[in-house]
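K.L.:
Okay, handing you the structure first.
Just so it is clear, none of the values below were taken in a lab; they were calculated from the coordinates. These figures come from a predicted structure and were not determined experimentally. Backbone-built Cβ (ideal geometry, glycine too); neighbour counts: all protein chains shown.
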Amino acid sequence: MHTALLLDMVADAAPDRLALGRRADGLTFAEARRRAHHGAAWLEQLGGTNVAFVGLNGPSLPVAIFAAGMLARPFAPLNYRLPDADLNKLLARTAPSVAIVDDDMVPRLAAHEGVTVVSRSAFDAACKVHGDCEAQFLDADHDIAVLLFTSGTTGDPKAAILRHRNLTSYVISTVEFLGAEEDEAALVSVPPYHIAGISAVLTGTYGGRRIVHLEAFTPEAWVEAAAAEAITHAMVVPTMLGRILDVLEKTGETLPSLRALSYGGGRMPLPVIERALNMLPHVDFANAYGLTETSSTISILGPDDHRMAIYSDDEAGKRRLGSVGKPLPGLELEIRGPDGQVLGPNQSGEIYVRGEQVSGEYTSKKVIQDDGWFATNDGGFLDEEGFLFVEGRLDDVIVRGGENMSPGEIEDVLREHPGVADVAVLGLPDNEWGEKVAAVIVAGETTPSADELAAWTKARLRSSKTPEVWAFRDALPYNDTGKLLRRQLKAEMAKG
């Protein structure tokens with residue numbers, strides 16, 4: 001199935017339902033389809049084989065995604081927050097292409113052979129008045145739908161390939177066609193170049209839910225938009241949620257329309273989600289774990305699991321709040337050891353996944369195995385009931401004297417200390433043990449001493465897991481999708 005058919009189906013079944021934007025002046029599904037057809041016809045005249053996008057969130061984004069799909073052209077949203085030199089390198093890699101660029105960002109871009117830059121305002125105008133195109137998506141489900149560039153923390157960004165069959169498999173297996181009530185609205189605040197931003201457009205469309213885009217996230221703007229637009233569904237990353245709760249506490253806003261809030265993209269501190277459950281008891285929370293290469297979510301901890309965990313009297317039940325739940329239907333998931341053997345419950349290894357939504361493919365190489373299994377490079381384990389616990393990137397595992405240590409386990413213990421607001425644990429080179437454990441602390445209202453934190457950790461974990469190096473900072477480095485920049489921090493600590 002092709003992604004553009006998702007819009008086509010809903011526009012046929014519910015043409016007058018609001019699809020994009022505000023309640024007062026949003027686009028219906030019929031109008032969204034009409035604009036996508038006009039935009040596709042205009043883009044077709046401009047040539048190219050790819051459609052790049054450099055800009056903020058907004059109704060132009062879904063229209064551009066579906067317009068590119070109607071032309072069977074890959075859609076490549078680029079990270080506009082990159083330095084100009086890096087952004088231009090990515091833009092050059094999309095050639096031959098047409099690049100739709102926010103008007104105020106056009107001056108940042110250099111001329112590149114094979115790249116035609118058009119302003120967002122010009123694209124929007126063409127979508128309103130240009131002629132229709134002849135859609136080319138009937139037999140193109142194996143074609144490339146989206147190219148997403150990775151963050152490039154270990155080198156030049158890789159371009160992950162997501163085909164139409166990958167994305168539509170995810171959508172159809174997780175969303176009921178037109179299953180949303182007419183008053184439902186989803187607030188999308190993750191950037192366009194993140195897989196969650198793409199999947200939010202596709203799932204929202206297929207479900208018939210109005211999509212409201214937040215151009216750029218601030219907690220104040222998020223709360224204001226959620227209240228003004230009677231938002232019922234939203235997705236945030238962990239760093240966003242804590243800041244949103246602060247605003248809610250300050251303003252007294254309770255968001256009575258909000259029904260469901262999912263989170264993912266990074267490790268959620270237990271104190272933050274516990275606070276959210278207590279402050280917003282009317283909201284269904286879900287923890288979604290996925291990767292770009294898997295077309296978004298592959299495992300989810302649902303609302304009932306959250307409530308059972310928060311109100312559980314036993315430690316096993318409470319511990320489950322730190323999991324990412326169980327795999328989605330239609331997916332297979334295994335934990336494997338270094339030699340490829342499948343591990344049993346509570347044994348840590350690498351997370352492998354297989355299913356139609358899994359791509360595991362880049363423009364430079366294909367990393368999915370011949371039998372369909374994809375190695376995520378994430379470490380984790382399954383408990384006795386099949387709940388998945390993610391321990392972090394395997395590259396981040398600390399190896400001390402032959403013992404593998406998960407930074408997340410140590411971070412969870414330190415976050416329980418009342419004087420710790422945030423923490424990052426990492427391994428630093430050590431001549432005797434190979435690596436030594438270091439902790440970078442962001443203090444709360446009072447600053448605990450290193451000796452106090454060491455004693456706290458040693459009382460709860462083996463002494464070998466107690467950090468030997470302590471550092472204190474005002475804040476930790478995160479990227480704009482909520483991921484801790486652990487390698488950057490490690491490099492800075494190693495230099496120091």
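K.L.:
Hey, what's the Kirkwood Rh for segment 147-298 if you take every pair of different alpha carbons, in angstrom?
P.N.:
Its Kirkwood hydrodynamic radius stands at 16.2 Å.
K.L.:
Can you grab the distance from the C-alpha centre of segment 33-69 to the C-alpha centre of segment 251-319, Å, no decimals?
P.N.:
34
K.L.:
Residue separation times 0.36 nm, minus the C-alpha to C-alpha distance between THR447 and ARG336: what's the value?
P.N.:
Gain on extension, THR447 to ARG336, equals 35.9 nm.
K.L.:
Specify, per residue and in Å³, the volume enclosed by the convex hull of the alpha carbon atoms belonging to segment 1-76.
P.N.:
85
K.L.:
Just subtract the alpha-carbon distance of ALA230 and VAL469 from 0.36 nm times their residue separation and send over the number in nm, one decimal.
P.N.:
81.3 nm
K.L.:
Along Cα→Cβ, 7 Å out, is where each label goes; now give me the distance between the ones at THR150 and ASP383 in nm to one decimal.
P.N.:
A separation of 3.1 nm, rounded to one decimal place.
K.L.:
Tell me the label-point distance for the pair SER173, ALA216, using the 7 Å Cα-to-Cβ offset, in nm and rounded to one decimal.
P.N.:
It works out to 3.7 nm between the two label points.
K.L.:
Hand me the trypsin sites (Lys or Arg not before Pro) from segment 65-121 located in a DSSP loop with no more than 15 other Cβ atoms within 10 Å, in residue order please.
P.N.:
Those that pass, being in a loop and sparsely packed, are ARG81.
K.L.:
How much length is gained if the chain between ALA494 and GLN45 is pulled fully straight, taking 0.36 nm per residue apart and subtracting their Cα-Cα distance, in nm to one decimal?
P.N.:
Taking ALA494 through GLN45 to full extension adds about 156.4 nm, to one decimal.
K.L.:
Give the residues of segment 367-393 whose amide nitrogen is closer than 16 Å to a point set 7 Å from the Cα of ASP313 in the direction of its Cβ.
P.N.:
None, by backbone N distance to the label point.
K.L.:
Which loop trypsin sites (Lys or Arg not before Pro) in segment 327-420, with loop taken from DSSP, have no more than 10 other Cβ atoms within 10 angstrom of their Cβ?
P.N.:
Those satisfying the criteria are LYS365.
K.L.:
Next question. Please list the non-local residues whose amide H lies under 5 Å from the amide H of VAL115, H modeled 1.01 Å from N, same-chain partners needing a gap of 5 or more.
P.N.:
Placed amide hydrogens put SER97 under 5 Å from VAL115.
K.L.:
Shifting gears a bit: List the residues whose amide H sits under 5 Å from the amide H of ALA19, counting only those 5 or more places along or on another chain, with H placed 1.01 Å from N in the peptide plane.
P.N.:
It is LEU27, THR28, PHE29, by chain and number.
K.L.:
Please compute the contact order of segment 340-443 in relative form: average sequence separation of alpha-carbon pairs under 8 Å and at least six residues apart, divided by the residue count, as a percent.
P.N.:
Answer for segment 340-443 is 18 percent.
K.L.:
How long are the three semi-axes of the equivalent ellipsoid for segment 397-495, computed from the Cα gyration tensor as the root of 5 times each eigenvalue, in whole Å, largest first?
P.N.:
Equivalent-ellipsoid dimensions as semi-axes: 19, 18, 12 Å.
K.L.:
Let me ask something else about it. Compute the acute angle (0 to 90°) between the alpha-carbon long axis of helix 164-174 and the principal axis of greatest extent of the alpha-carbon atoms of the chain; round to the nearest 10°.
P.N.:
70
K.L.:
Give me GLU176, GLU391 sorted ascending by neighbouring Cβ count inside 10 Å, so fewest comes first.
P.N.:
In order of increasing Cβ crowding within 10 Å: GLU176, GLU391.
K.L.:
Could you give me the ³J(HN,Hα) list for segment 288-305, computed from phi with Karplus coefficients 6.51, -1.76, 1.60 and θ = phi - 60°, whole Hz, x at Gly and Pro?
P.N.:
Karplus values, whole Hz, x for Gly and Pro: 10, 10, x, 9, 4, 5, 10, 6, 4, 5, 10, 8, 9, 9, x, x, 5, 5.
K.L.:
What number do you get for segment 330-394 when its Cα radius of gyration is normalised by 2.2 N^0.38 Å, N = residues?
P.N.:
So the Cα radius of gyration is 1.11 times the expected 2.2 N^0.38 Å.
K.L.:
A follow-up question, please. Using the alpha-carbon atoms, what tilt in degrees (0 to 90, nearest 10) does helix 219-228 show relative to the longest principal axis of the chain?
P.N.:
50
K.L.:
Separate question: Kindly count the pairs of lysines across the chain whose alpha carbons are less than 17 Å apart, treating pairs on different chains or eight or more residues apart as eligible.
P.N.:
Lysine pairs, 8 or more places apart or on different chains, close enough: 8.
K.L.:
Right, here's the next one. Sort GLU224, GLU384, GLU184 so the one with the fewest other Cβ atoms within 10 Å of its own Cβ comes first.
P.N.:
GLU384, GLU224, GLU184
K.L.:
Between 0 and 90 degrees, rounded to the nearest ten: what's the tilt of helix 270-279 against the longest Cα principal axis of the chain?
P.N.:
60
K.L.:
Can I ask one more? Separation between the ASN278 and GLU432 pseudo-spin-labels, each 7 Å from Cα along Cα→Cβ, expressed in nm?
P.N.:
Output for this residue pair reads 4.2 nm.
K.L.:
Moving on to the next point. In whole Hz, with x marking every Gly and Pro, tabulate ³J(HN,Hα) for segment 86-100 from phi via Karplus 6.51 cos²θ - 1.76 cosθ + 1.60, θ = phi - 60°.
P.N.:
So the J values, rounded to whole Hz, are 5, 4, 5, 4, 5, 4, 4, 6, 7, 4, x, 8, 10, 10, 8.
K.L.:
So who's got an amide H within less than 5 Å of the one on LYS158, skipping anything under 5 residues away but keeping other chains? H placed 1.01 Å off N, in plane.
P.N.:
THR150, GLY152
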